[in-house]
Amino acid sequence: MNAAAVLPQIAGYRFDVAANLSDPSTRERLSQVGMKAFLRIMEKWAVKDQDARELLGGISSGTFYSLKKAPGARALDQDTLTRISLIVGIFKALNILYSQRLADAWIKLPNSNPMFRGSTPLAYILRLGQPGMVGVRQLLDARRGGQ
């Protein structure tokens, strides 16, 4: 059976298949736009470059600054693009849930949710890495009724 046949058809919503990040041409196509989006989000959230490097998987400062200077100069690896996708999803969910001002500040505000234990969502993500990103994304998707 075709996967598209089992996906719901709802006016105004597209249900696409996720990009195949194991494909080099897909990674090359998505790298520049993904990195530009990531850098804009880091600016909106006022995340320090050191923390931004950790969010990308602990890349070196040289690699980070070369990506900042020329976001499309090279194709990103699957892990980096997955991390960027999670950050974009978190950003999108925050902007659906909250005003722009709160959405931009939320990641760095102490949070009383038990998963954060009073720390900030950013600290939680930095401590746990990609699994932390997934957890925050799931929390926000659940809050907006997406899961």
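Considering only the range 74-146, give the helices (runs of 4 or more DSSP H) lying wholly within it that have at least 3 residues that are farther than 27 Å from Thr63 by Cβ.
Numbers: elements: 78-97, 100-106, 121-128, 130-143.
In the range 74-146, 78-97, 100-106, 130-143 are the helices (runs of 4 or more DSSP H) which contain 3 or more residues that are farther than 27 Å from Thr63 by Cβ.
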Give the range 120-147 a look and list any residue that's small (Gly, Ala, Ser) and under 21 Å from Glu43 (Cα atoms), or say none.
Ala123, Gly129, Gly132
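The rows are residues; the columns are (1) within 16 Å of the chain's Cα centre (by Cα); (2) under 19 Å from Lys92 (Cβ atoms); (3) modelled with pLDDT of 95 or more.
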residue	(1), (2), (3)
Pro110	no, no, yes
Leu122	yes, yes, yes
Gly129	yes, no, yes
Gly135	yes, yes, yes
Out of everything in the range 96-138 that is out of contact with any Phe, Trp or Tyr (no Cβ under 9 Å at 6 or more places or on another chain) and hydrophobic (A, V, I, L, M, F, W, C), what residue ends up being nearest to Asp51 (Cα to Cα)?
Leu126
Within the range 16-55, take every residue that is among the β-branched types (Val, Ile, Thr) and either in a helix (DSSP H, G or I) or within 15 Å of Thr82 (Cα to Cα) (or both) and give me the one that is modelled with the highest pLDDT.
Ile41
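The values are calculated or read from the model by the stated rules, or taken from the named source; none is laboratory data. A quick note: this is a predicted structure, and the numbers were derived from the prediction, not measured. Every residue, glycine among them, receives a Cβ derived from its backbone with ideal geometry; neighbour counts consider all protein chains shown.
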